[in-house]
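*Asks:* One structure follows; several queries about it will come next.
The values are calculated or read from the model by the stated rules, or taken from the named source; none is laboratory data. Being a predicted model, the structure only gives us computed values, none of them experimental. Please note: Cβ atoms are built from the backbone with ideal geometry, for glycine as well, and neighbour counts cover all protein chains shown. In case anyone asks, the SASA skips ligands and DNA or RNA and just uses the protein heavy atoms, side chains included. Shrake-Rupley method; radii C 1.70, N 1.55, O 1.52, S 1.80 Å.
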Amino acid sequence: MCAVSHTPTRPHHRSSTRARTLWDEGHRPGPQVVVLSVLSALAVARLDLLLTHKLSLVFDVVFVMVCVAAALAIRPRDFFAVGVLPPLLMFATVTLFAITARSAVAEKVDGLVQAVVSGLAHHAGALIAGYALTLGVLALRQVALRNSGRLRRLA
């Protein structure tokens, strides 16, 4: 019989004497997280467009989830990339659909600028929620990094 080695597949950056927490799990490079976030948001937007002929609540919910997932997946030295991602991602998505499928984000007769503004206004709730949760998760991760994985200092 062959013995199976149980060596970790990736090195632990923290002490192996404590359990890793959700807050110190993110290790993906910034460019990778940004590209995956953009592709995810656009794929869901396209699917939503095929199903409902507009960007609906489905897109909004998934947008928020993508923002939070990106904040949890990013490595600490790339926090800035995800910290500015939600508004840029929403703007890019709405602009793309204002150009290619205007009626998905605004009235068909609206001009490009009006369609972008209208689309951003219609999805402002998702943008605010996604941005607030992203910044909140990044802040909690920053605190955990300073406190060896904990959100509060030990007394």
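*Asks:* What is the number of the single condition among (1) part of a helix (DSSP H, G or I); (2) of a type outside the set (Phe, Trp, Tyr); (3) farther than 16 Å from Leu36 by Cβ that Ala92 does not meet?
*Replies:* In the conditions (1) part of a helix (DSSP H, G or I); (2) of a type outside the set (Phe, Trp, Tyr); (3) farther than 16 Å from Leu36 by Cβ, Ala92 misses (3) alone.
*Asks:* Conditions first: (1) surrounded by 15 or more Cβ atoms within 10 Å (Cβ to Cβ); (2) in a helix (DSSP H, G or I). Lys54 passes all but one, so which condition is the exception?
*Replies:* So the condition that Lys54 fails would be (2).
*Asks:* Select from segment 97-120 the residues that are assigned to a helix (DSSP H, G or I), open to solvent by less than 70 Å² (accessible area, probe 1.4 Å) and hydrophobic (A, V, I, L, M, F, W, C) and list them in ascending order. Break it down stepwise before answering.
*Replies:* Kept after step one, since they are assigned to a helix (DSSP H, G or I), are these residues of segment 97-120: 97-100, 102-104, 112-120.
Still in the running and open to solvent by less than 70 Å² (accessible area, probe 1.4 Å): 97-98, 102-104, 115-116, 118-120.
Listed by number, the residues that qualify are Phe97, Ala98, Ala104, Ala115, Val116, Leu120.
*Asks:* Let me ask something else about it. Tell me which residues, restricted to segment 29-49, are charged (D, E, K, R) and open to solvent by less than 50 Å² (accessible area, probe 1.4 Å).
*Replies:* First, pick out the residues of segment 29-49 that are charged (D, E, K, R): 46, 48.
Across segment 29-49, the qualifying residue is only Asp48.
*Asks:* Could I ask something else about it? Just for segment 68-89: of the residues that are of a type outside the set (A, V, I, L, M, F, W, C) and part of a helix (DSSP H, G or I), which one is surrounded by the most Cβ atoms within 10 Å (Cβ to Cβ)?
*Replies:* Filtering segment 68-89 down to residues of a type outside the set (A, V, I, L, M, F, W, C) leaves 75-78, 83, 86-87.
With part of a helix (DSSP H, G or I) added as a condition, the list becomes 76-78, 83, 86-87.
Details: Pro76: 14, Arg77: 9, Asp78: 18, Gly83: 16, Pro86: 28, Pro87: 14.
It comes out as Pro86.
*Asks:* Please give the number of the condition Val113 fails out of (1) among the aliphatic types (A, V, I, L, M); (2) more than 14 Å from the chain's Cα centre (by Cα); (3) modelled with pLDDT under 95.
*Replies:* So the condition that Val113 fails would be (3).
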